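Each reported figure results from applying straightforward, stated rules to the coordinates on display, with no laboratory input. The structure displayed is predicted, hence computed values, not measured ones. In this analysis, Cβ positions are derived from the backbone assuming ideal geometry, glycine residues included, and neighbour counts consider all displayed protein chains.
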Amino acid sequence: MKIGIFDLETSGFYADSSILLCCSIKTYEKNDIKTVRADDFKTWSHNKSNEKEAIKAVWKLLEPYDILIAHNGEWFDKTYFNAKCMQYELPPILRFKKSIDPVHLSRKHLKLGRNSLAALIDYLKIPVKKTPIELDRWIRASHDGNKADMNFIITHCEYDVKTLEMVYDRLRKLVDKIDTKGSSY
């Protein structure tokens, strides 16, 4: 089974009022991060809301994986990306992919005050920290197309998949089995 760890970065939380900025995916236990950047597509410079080619590229990137790991992926990444697929008449690929969501593992099996990726990194004493991003960077990247801020967000996204793999390595002992829906949380 091919397992991928992925993260989406977007300009907001809801697919009908925001755009995709990037998606990074890392094959589990390999050093191969691939990133799709919205600003690499022709429409970015004059029509940022036309994400069709970027969404197709992410779809192709996610397609080969049997299981996908995303922190808070069930609530955000999976539903956001499925909505974008539906908008652009692509099969909602994440609807039927098996998934493991460390936030669900943490909520169900660990009694912690917070279950964010940053909180789990701290609690599990993972030797790296989550990179913070100020709101104005998101605005400049998504609204103004600021390249430096977009580069910062890309770096953040790629760093998140690396740190998520470390968190998952610690939490995977909590995964009972993988069935048709994903992990049995």
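The figures follow:
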read-out	value
Mean Cα-pair separation over length for the chain, i.e. relative contact order, pairs under 8 Å, 6 or more apart, %	24 percent
Extended-chain gain in nm, criterion 0.36 nm per residue less alpha-carbon gap, E53 and V128	23.6 nm
Degrees, to the nearest 10: 52-62 long Cα axis against longest axis of the chain	20 degrees
Reach of K108 by Cα under 23 Å, taken over lysines that are not fewer than 8 positions away in the same chain	K78, K97, K98, K125, K130, K173, K177, K181
Summed side-chain charge close to N115 - residues other than N115 whose Cβ falls under 11 Å, Lys, Arg +1, Asp, Glu -1	+3
DSSP beta bridge pairing in segment 3-177, given as percent antiparallel to the nearest 5	65 percent
Percentage relative contact order, segment 127-182, counting C-alpha pairs under 8 Å, at least six apart	32 percent
Distance between segment 1-54 and segment 134-176 - C-alpha centres, whole angstrom	11 Å
Cβ-derived FRET efficiency at R0 25 Å, D176 paired with W75, nearest 0.05	0.75
Estimated 222 nm signal from helices in the chain, with DSSP H stretches of n ≥ 4 weighted -39500 (n - 2.57), rounded to 500	-12000 deg cm²/dmol
By average C-beta atoms within 10 angstrom, highest first, the peptides 98-108, 137-147	98-108, 137-147
S99 long-range amide H proximity, modeled H, under 5 Å	L68, G182, S183
Residue among L171, C23, Y80 farthest towards the positive dipole end of the chain, charges placed on Cβ	L171
